1. Looking at the stretch 569-593, I want the residues that are within 24 Å of S553 (Cα to Cα) and have a partner that is outside any loop (DSSP other than H, G, I, E, B) and hydroxyl-bearing (S, T, Y) with Cβ atoms under 6 Å, at least 6 apart or on another chain. Which pairs are those?
2. What is the residue count in the stretch 383-424 for residues that are in contact with a Leu (Cβ under 7 Å, 6 or more places away or on another chain) and either under 21 Å from I514 (Cα atoms) or loosely packed, with under 15 Cβ neighbours inside 10 Å (or both)?
3. Which members of the stretch 637-662 meet the condition of being under 13 Å from N679 (Cβ atoms), of a type in the set (A, V, I, L, M) and within 41 Å of the chain's Cα centre (by Cα)?
4. For the stretch 362-384, does any single residue satisfy the condition of being closer than 19 Å to G468 by Cα and in the same structural domain as V266 (by TED's automatic domain parsing)?
5. Under 7 Å between Cβ atoms, which residue pairs at least 6 apart in sequence (or on different chains) link something in the stretch 655-670 that is closer than 12 Å to I691 by Cα with a partner that is of a type in the set (K, R) and surrounded by fewer than 16 Cβ atoms within 10 Å (Cβ to Cβ)?
6. Specify the residue that is modelled with the highest pLDDT; the eligible residues are those in the stretch 461-488 that are closer than 22 Å to H506 by Cα and outside any strand (DSSP E or B).
7. Somewhere in the stretch 123-135, is a residue of a type in the set (A, V, I, L, M, F, W, C), over 15 Å from the mean Cα position of the chain (by Cα) and closer than 29 Å to I293 by Cβ?
Amino acid sequence: MKAIVAAALLSALAPLCAKSQVTTPVPRRVVYHLYISDTMANFTGRPRPAIAINGSIPGPELHFNEGDTAEIHVHNTLGTETSVHWHGLILPNQYDGVSYLTTAPIKAHTSHTFEFPLVQNGTYWYHSHTAMQEQSGMYGAFIIHPRKQAAMGEKTILLSDWTDENPHQVHRSLYAATDWYGIKKGSTQNYAQAIKEGYFGTKVTNEWKRMLAMDVSDVAYDKVLINGRDTSSLSNPQPGEKFRLRVINGSSSSYFWLTYPGGFDVVASDGKDVQPVHVDRLIVGVSETYDLIVTIPDSGRGEFRATTEDRTRSTTLWLGSGADVAAPHLPRLQYFEGMKMMNGMMKMNGDMNDMGMQMHDQIMDMNTVMYPEVNDPAAAPITTLNYTMLRSPDSTTLPPATTRTLYFRLTGNMNRYIWSINNRTVSETDKILIRKGENIRIVLYNGTMMRHPMHLHGHFFRVVNGQGAYAPLKTVLDIMPMETDTIEFAATESGDWFFHCHILYHMMSGMGRIFSYQDSPPNPDIPNPEKSVKKIYADDRQIHLMARVALESSGSDGEVMLANTRYKLQTEWRLGTNAMMGYETESHIGRYLGRMQFWFPYVGWDFRYRTMALHSESTIFGQRNTKNNRGVACLGVQYTLPMLVTADARVDMNGIFRLSLMREDIPVTARLRMNLMANSDLEYMVGLRYIVTKYFGISTHYDSDMGLGAGITLNY
């Protein structure tokens, strides 16, 4: 009788169970073929080829069930090598996909097979780990469905950013400290704007502390995309329905604010479930993933909007049908308020002062001072997700073991676009040896003015966020300026694993480390590890070319530089229109010193000749002035003074001393820039340049030797 009642009860409950769970799938071998190619992609307006996967940007969504075996054949039809990293996956080291570190590069016109078991579920993604290919479109979603999951509609959202420029040119331009991206975004914070808005003193203080203009992102993007489109829509969700969004930030350097009418429930982060928490909005760091539950409006369609952190671009997914129900609008940032805040926290030596606030886990966003929607006293309170709200549904306590603590200070120099850890780039440090079976705790302090999404390959780590045994598991930690955050993980793997900032241009500049398990078996994909790792080191050792050439009525002047993280070779010249004006050329090669690289000692040479002066002159130090006829080697040092003035002191092989003071690119307005120079040889210059395009400007200057001239300036 009991058996009959139980069977009847199960029969009655079956329809209800079917609504809440799906049948546990049988493990399979799931095979995909990915073809990497140059293409014009799937939306208009693209002026340069992209790297597409199976003909689309982003690449195809790869779907699996937990317990499946993935067999993925990557066919490289490019004329250069490539790679694929499976972001967030726990898998054998040789399949991780970092060329020359864990996986052999996929050479041009060859194929590579990845085969690994799927021991997890959640929202993940894949992307190239070769040079700038990720920025060119080589990425896609990797979804692993759980063995049992709620019967709920869902949509994968892959956010990304796109620039019409070649990404290598973007990186070079950042290194050259061009203000072009600030001009495009309207974020130059120039002197005219400062005076107009009542922030002149703030601007002067900012430059007195040797800082460039305040910004929250590096690149002015031409588009941001949602699944490869400007906007997208999904009409089948029904009014009042709960709907799951799997959100992946697949951008190269853009953070996104996520908003939706009425907010949403956060139920997973970086593929791992968290106890549901309702918020009005969240900011998703580069490479992070979040699973969200939204409710379709009772009437109309809801707007899920992703807005870049600098609030210059946005992209939308519409859910449902009917009249539009818009997401909350995010107004323009109040940059001078941010500059004022940073002035109070920046010391003259480049250190940050948190004023004892002990910030951690995103609980105090210093950029809030720039958010008009938060500072408006009439605005309704806004609940923004921070890491302290994330709580694992299960205990994540690490197994008992010896714990080793590492201290990482994230360091950088925005003026020269150098990013590092403990003031050392990847190529300037040895691998960090760890032992299988121990626990690793990392204490990170962000001593820069930028957020950094730090990603650990091949491991989940606990974010020590006050949730005790239920600390959330993640693979990416977004650490804000002046925060100190702690993560920890069990060393359970073998081989080498990358830990790095996932902002592509920061990683390529050197912000990362390599963890290496001691006594690991040889990796068959990396037969010569010592030789291969030099390919990894080459990323932050790149030499960048920069140039400026002025063609004016009084002659030509300009400079050409070759520089990398620490060294610079520079040649500058001035060429008059006649023999009286003459010519001069000066070159030097040197090395930047110090964490902020304020010091630059150099050796150089100086050649010049002119017939303008018919009498002998003296320098301000009473020495014979040789500026009319000189051919010497010299030894000197440059130092960056307050107000971003470069002081240059040198002595040549004849014992002649020279002191110069120079300031370039003073932002009078967004596009009008001033240059000033004076030295102890009684030479001086004042010039103006109006920036028309990134590479072209109209210029004029007065030079004590060459007189007044006007013309054009070309920049590279």
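The values are calculated or read from the model by the stated rules, or taken from the named source; none is laboratory data. Just so we're clear, the structure is a prediction, and the values are computed from it rather than from any experiment. Cβ placement follows ideal geometry from the backbone for every residue including glycine, while neighbour counts extend to all protein chains displayed.
1. Listed by first residue and then by second, the contacts come to T571/S587; W573/T585; L575/S556; L575/Y583; G582/Y609.
2. If we filter the stretch 383-424 for residues that are in contact with a Leu (Cβ under 7 Å, 6 or more places away or on another chain), which is where we start, we get 384-385, 392, 396, 408, 410, 414-415, 417, 421.
In the following step, the residues that additionally are either under 21 Å from I514 (Cα atoms) or loosely packed, with under 15 Cβ neighbours inside 10 Å (or both) were identified as 408, 410, 421.
Selection size over the stretch 383-424: 3.
3. Within the stretch 637-662, V645, A647, A649, L659, L661, M662 qualify.
4. Applying the first criterion (closer than 19 Å to G468 by Cα) to the stretch 362-384 yields 362-363.
Among the residues that remain, those that are also in the same structural domain as V266 (by TED's automatic domain parsing) are: 362-363.
Checked the stretch 362-384: at least one residue is closer than 19 Å to G468 by Cα and in the same structural domain as V266 (by TED's automatic domain parsing).
5. From residues that are closer than 12 Å to I691 by Cα, there are no pairs.
6. Applying the first criterion (closer than 22 Å to H506 by Cα) to the stretch 461-488 yields 461, 474-487.
After this cut, where a residue has to be outside any strand (DSSP E or B) as well, the list is 475, 480-483.
Working: T475: 98, M480: 95, P481: 93, M482: 92, E483: 95.
In this case the residue turns out to be T475.
7. Quick first cut of the stretch 123-135, residues of a type in the set (A, V, I, L, M, F, W, C) only: 125, 131-132.
In the following step, the residues that additionally are over 15 Å from the mean Cα position of the chain (by Cα) were identified as 125.
Cutting the leftovers down to closer than 29 Å to I293 by Cβ gives us 125.
So far as the stretch 123-135 goes, yes, one or more of its residues are of a type in the set (A, V, I, L, M, F, W, C), over 15 Å from the mean Cα position of the chain (by Cα) and closer than 29 Å to I293 by Cβ.
Every residue, every condition in (1) touching a Pro at 6+ places or on another chain (Cβ under 9 Å); (2) assigned to a loop (DSSP other than H, G, I, E, B), yes or no:
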| position | (1), (2) |
| --- | --- |
| V267 | yes, no |
| D310 | no, yes |
| R332 | yes, yes |
| D361 | no, yes |
